[in-house]
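Undergrad: First, the structure itself, so that you have it in front of you.
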Amino acid sequence: MKARTVFGVLIVAVLLFPLYWMLNASLQPSGALLRPDPAFFPVDGTLDGYRKALSSQGPHLFSSVVVALGTVFVSLAIAAPASYALAQLRVRGGPVLVFVLLIVQMIPGIVMANALYTVFSNLGLIDNYLGLVLADSTATIPFAILLLRAFMISVPKELTEASRVDGAGYWRTFRSIILPVSRNALVTAGLFSFLFAWADFLFAVTLTTGQSFEPITVGIYRFVGNQSADWNGIMATAVLAAVPAAVLLVVAQRYVVAGLTSGAVKD
Amino acid sequence: MTLVAPATVTAPPRSGRKPRRDNRFAAWLFLLPALAYVGVFFGYPLAANLVMSTQDYTVKSFYTGEAPFVGFDNYAAVFDNPLFSTAVLNTALFTAGSLVFQFGIGLALAVFFSGRFLGSALLRSLLLLPWLLPLVVSGAVWRWMFDQDHGVLNAALRFVGLDAVPWLSSTGWALPAVILTNIWIGIPFNLVILHGGLRAIPASLYEAASLDGAGAWQRFRHITWPLLRPVTGIVLMLGLVYTIKVFDVIMVVTGGGPANATQTLTTWSYRLSFQDFAFGQGAAVGNVLILVATVFGLLYLRSARATLAEAAA
Amino acid sequence: MSLPRRALILAASAALLTACSPSPAPQASTDAGAPAATSITELDYYADEQGSAAWQKILDTCATQTGIKVQRQTVPTAQMLPKVLQGASSKTLPDLLFTDNPTLQQVAATGALTPLDGYGIATDGYYPSIVKAGTYQDKVYGVAPGVNGLALIYNKDLLTAAGVAPPKTWDELKAAAAKLTKDGKYGLAFSAIPSEEGTWQFLPFFWSNGAELSQLDSAQSVKALQFVTDLVNSGSASKSVVTWNQNDVADQFVGGTAAMMVNGSWNLARLDEQKSLHYGVVPIPVPQAGGKPVVALGGEVGTVPVTSGPTQQAAGKVLSCILSEPTMLEWSKAHAYIPSKTAAATKFGAEQPAMQAFVDEVGSARSRTAELGEKYPKVSQALADAIQAALTGKQPADQALKAAQQASGS
């Protein structure tokens, strides 16, 4: 048991080394890690980056959380029923839709951004939370449908058919059988929807003007000019931005585990 | 595709045809929001990209909205370009290299972390952290680590007595370097989804197999792998789509260089559009990518259908 | 929030209607009689903290002077062109736009810009090259308040220790770089990334040797590329130059791993912050003694897109203010640029000795788009590719440039 934990820690340490390097950079002057002997520990550290990041990035962080949570909500609300239909109800033309969902994800980001800008500026959705959530959902909805469908296919048909026999409508079957059983998959899809929206830069920079709000991926450019880059501030912002999101992730993972134990009773 | 699933046959006979029609109607209702969303948000960009690829679309066209129709000229120009074959080869290597290792390592870690041991859940969540970083940040960190003279990777190589590697400054190493970066970014995705798939496999199966004397490998081979197939399929398919269209990682780490050694179809498409201002050609390259995804999508559907048939049997 | 949103939706439906009707694009007329609007929008890419603050001060000054409110939007540099094209296609361009000078002709080619003479903005007294950069089909569409260029910045302590004088010619540069390369330090750092930035860094060598962009594979061009390639092959400059942008180059210089660097005036503020770093600036070395360095002209030009009579007039007024001599000097001081008017620049150089080398060079600097116009980006890309091919050893300089000439000609 102990050996596995040690090995696990080792794996995580290796895989997260770049993160440590970022943390290290956030505490050292710009370019410090490119010197002949880069300091492995920020001994002569500076908190300048954090000072600057804290003073200007707070609102951006908030915007990012709102957009990411909004995207999770919209994606799951649209994707879950669709996945149920595709996985359990066997619609004619279902495979075609699955196919279309795969294809549309290949449309280059900049093409999507250009098209959405034109439409959104006509609809007054520029600088609008709902607008950005809907745009970010272009990445998450196809993803969530495909993922949830793959999980829901393995929900035993007997389970849903039995509920139908009991006289439950499709909606009730969906709500009281499919959703609880798929809780695990829903959290996974939600998790990645959050991460996709959190990391989005292109839609954010295209569909906001900075007049009312600005997500953190755009805000970080306060430290990147056309002719300068304040790495200290950039890395500090990245560290600060990762903290609240990481807490959310850990909480979500706990939820998965909780969902598992309660789901396990049914087996 | 046969519509009558065994389960429906066992259902008590109500009236002959009603349930199925009922079923179809309900299904469409459940699908409606998704259909509407996909139609609205993808229909226009997809059509616009198709039309643009048949036009001589210039910066002026953005303002006037007018662009002369040129048929397949853009496609011809793209195929004639000496960079086309470079970009195709790089895209293939990048995609294959990333997918194989992301999936392989992701699966191994998923299996490892699905065992319950002290801290397994926490460690697994930690592995998602790289996804919280803006790509401009993780890309820059990797660029520093790859630095030929003072990068930490080469310092490590020298420490164990190996030669320093010109990661980003040689045409031979740059592609492996960006693939490495992309593998690192992709592992959490594979790990988490495959882990979810593993969780869905009933533990009783493993217990039964253990009783029958099956070893770890046999359990993986005969239980995990076949039962994981729907999830494996979708992870690989999504991984393929996401990897082919990777843009930011390459732009931040190498910018497509040195000497086009990391130029993929995606970065080239962007370059044709926004550096050469040949928007029609950029769109044409984008459509080539869509075509590639189409082919793989069809393959995926075929295999998925086979899985479905198996599951139904 | 509800009221402005309602207004937005109303405006949006109006925009939708106009977008749907096949009405011709608004004419580029500048009706001087129209009353000026009281508020305009402005777009620029001075995104970083210091640059952004400096530019905001300029905008504030001019807002006060003209009584016109300026609503500013800043985008990251790489997003500028996509943003402008999106604005052009949905007729939502800003009223005032500041963009990198080599892209001006591309934007002007869309027909979305208005000539500046309609706002009483004259172009006499400016460096001719900046006016050329802002000219499209014989009309001036954009003028910059400040310009910049590249020079050779050197570490005084390292040069003194090695007994090397700041180089003036290519031979001296080569010798100095070789002598300064030791103890894990390189003699010279520059940027050769595969984009416009790489081309911009190479052009001083290219042009100073008499090469022309219309003939990338000329003997002069090959010699210039060979010279730069030799610096890398001999180890006087790191092989990593193909991955360094100009920020990275400055990082190397500040970190003490490069004794000299090719870089622009905007770095001086940062270098001044390093108390232990003593630096000097000389013009880019030339092929032969007595020659004059020819660098590429940098800087952002202000331009007025087609919007409506009143907003265009207002934008013109604000632009006039930004181009006035006091504002120009204020901007140049705050951002380490050189005023784009000859007289102001002379005064500026006298006040700021560290900037003198840059002021000297700007006089003979060339606009990148003067000869090629809209064709420049393609040629620039081909040239950047050739530089990378030669520096990585993929192709010899002459072959790389031959391929570039073919690619740019098609």
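Throughout, read-outs are computed from the coordinates displayed, never taken from laboratory work. These numbers come from a predicted model, not from an experiment. Cβ coordinates were reconstructed from backbone atoms using ideal geometry, including for glycine residues, and neighbour counts include every protein chain displayed.
Undergrad: From the P(r) of segment B:91-238, could you give the percentage of C-alpha pairs in the tail past 17 Å?
TA: 69 percent
Undergrad: Further question: Express in whole angstrom the spacing between the alpha-carbon centres of segment C:330-362 and segment B:53-75.
TA: About 44 Å separates the Cα centre of segment C:330-362 from the one of segment B:53-75.
Undergrad: For segment C:372-410 and segment B:217-286, write down the distance between their C-alpha centroids in whole Å.
TA: One Cα centre to the other: 27 Å.
Undergrad: Related question: Checking the cross-link filter: which lysines have an alpha carbon closer than 17 Å to that of C:Lys69, excluding same-chain neighbours under 8 positions apart?
TA: Filter leaves C:Lys57, C:Lys317.
Undergrad: Between B:Leu35 and C:Gln406, what is the label-point separation in nm under the 7 Å Cα-to-beta-carbon projection?
TA: 5.3 nm
Undergrad: Rounded if a/c is under 1.5, else prolate if a/b is larger than b/c, else oblate: which is chain B, with a ≥ b ≥ c the root eigenvalues of its Cα gyration tensor?
TA: Verdict is oblate for chain B.
Undergrad: Based on the Cβ-Cβ distance from C:Asp138 to C:Gln50, what FRET efficiency comes out when R0 is 30 Å, to the nearest 0.05?
TA: For R0 = 30 Å, the calculated efficiency reads 0.20.
Undergrad: Show me B:292-304, C:192-204 ranked by packing, highest mean number of other Cβ atoms within 10 Å first. Kindly include the intermediate steps, with their values, before the conclusion.
TA: Details: B:292-304: 16.6, C:192-204: 24.6.
Result, highest mean Cβ count within 10 Å first: C:192-204, B:292-304.
Undergrad: Hey, another quick one. Any of C:Lys223/C:Lys402; C:Lys239/C:Lys394; B:Lys60/C:Lys83; B:Lys245/C:Lys239 with alpha carbons more than 21 Å apart? Name them for me.
TA: Beyond 21 Å: B:Lys245/C:Lys239.
Undergrad: If R₀ is 25 angstrom, what is the calculated FRET efficiency for the pair B:Leu93 and B:Leu291, using the beta carbon separation as r and rounding to 0.05?
TA: Working: r = 19 Å, r/R0 = 0.76.
For B:Leu93 and B:Leu291, the calculated efficiency is 0.85.
Undergrad: Can you pick out the pairs among C:Lys185/C:Lys333; C:Lys168/C:Lys347; C:Lys139/C:Lys375 whose Cα atoms lie more than 28 Å from each other?
TA: From the list (C:Lys185/C:Lys333; C:Lys168/C:Lys347; C:Lys139/C:Lys375), the Cα-Cα distance tops 28 Å for C:Lys185/C:Lys333.
Undergrad: Counting only other chains, what is the mean number of Cβ atoms within 10 angstrom of the Cβ of each residue in peptide A:17-28? Walk me through the numbers on the way to the answer.
TA: On the way: counts 6, 13, 8, 1, 6, 7, 1, 2, 4, 1, 0, 0.
Averaged over the peptide's residues, the number is 4.
Undergrad: Compare the peptides C:144-151, A:179-186 by average per-residue count of other Cβ atoms within 10 angstrom and give them in order, highest first. Present the calculation step by step, with values, prior to reporting the outcome.
TA: On the way: C:144-151: 28.4, A:179-186: 20.4.
In descending order of packing, they fall as C:144-151, A:179-186.
Undergrad: Let me ask something else about it. Determine the shielding of peptide B:263-273 by partner chains: average, over its residues, the number of Cβ atoms on other chains within 10 angstrom of each Cβ.
TA: 2
Undergrad: How would you rank A:225-236, C:288-299, A:52-63, highest first, on the average number of other Cβ atoms within 10 Å across their residues?
TA: A:225-236, C:288-299, A:52-63
Undergrad: Give me the angle, in degrees from 0 to 90, between the Cα long axis of helix A:2-15 and the longest principal axis of the Cα atoms of chain A, rounded to the nearest 10.
TA: 60 degrees
Undergrad: Same structure again: Please average, across the residues of C:268-276, the number of beta carbons from any other chain that are within 10 Å of each residue's own beta carbon, and give a whole number.
TA: 1
Undergrad: How much of the calculated P(r) for segment C:237-302 lies past 14 Å, in percent of all Cα pairs?
TA: Cα-Cα pairs of segment C:237-302 separated by over 14 Å account for 66 percent.
Undergrad: Relative to the longest principal axis of chain A, what angle (0 to 90°, nearest 10) does the C-alpha long axis of helix A:129-152 take?
TA: Helix A:129-152 sits roughly 50 degrees off the main axis of chain A.
Undergrad: For a quick check: with amide H placed at 1.01 Å from N, whose amide H comes under 5 Å from C:Arg72's, ignoring anything fewer than 5 positions away on the same chain?
TA: Those lying under 5 Å, H to H, from C:Arg72 are C:Glu42.
Undergrad: Quickly estimate the mean residue ellipticity at 222 nm for the protein assembly as shown, helices only: each DSSP H run with n ≥ 4 gives -39500 (n - 2.57), and the total goes over all residues, rounded to 500. Walk me through the intermediate numbers first.
TA: Numbers: 44 runs with 601 residues, N = 990.
Only helices count here, giving -19500 deg cm²/dmol.
Undergrad: Beyond 45 Å, what share of the Cα-Cα pairs of the protein assembly as shown remains, rounded to the nearest whole percent?
TA: I get 33 percent for the Cα pairs in the protein assembly as shown exceeding 45 Å.
Undergrad: May I pose another question? Which order do C:Ser276, C:Ser218, B:Ser210, A:Ser193 fall in if you start with the one that has the fewest other Cβ atoms within 10 Å?
TA: Ascending Cβ contact count within 10 Å gives the list C:Ser276, B:Ser210, C:Ser218, A:Ser193.
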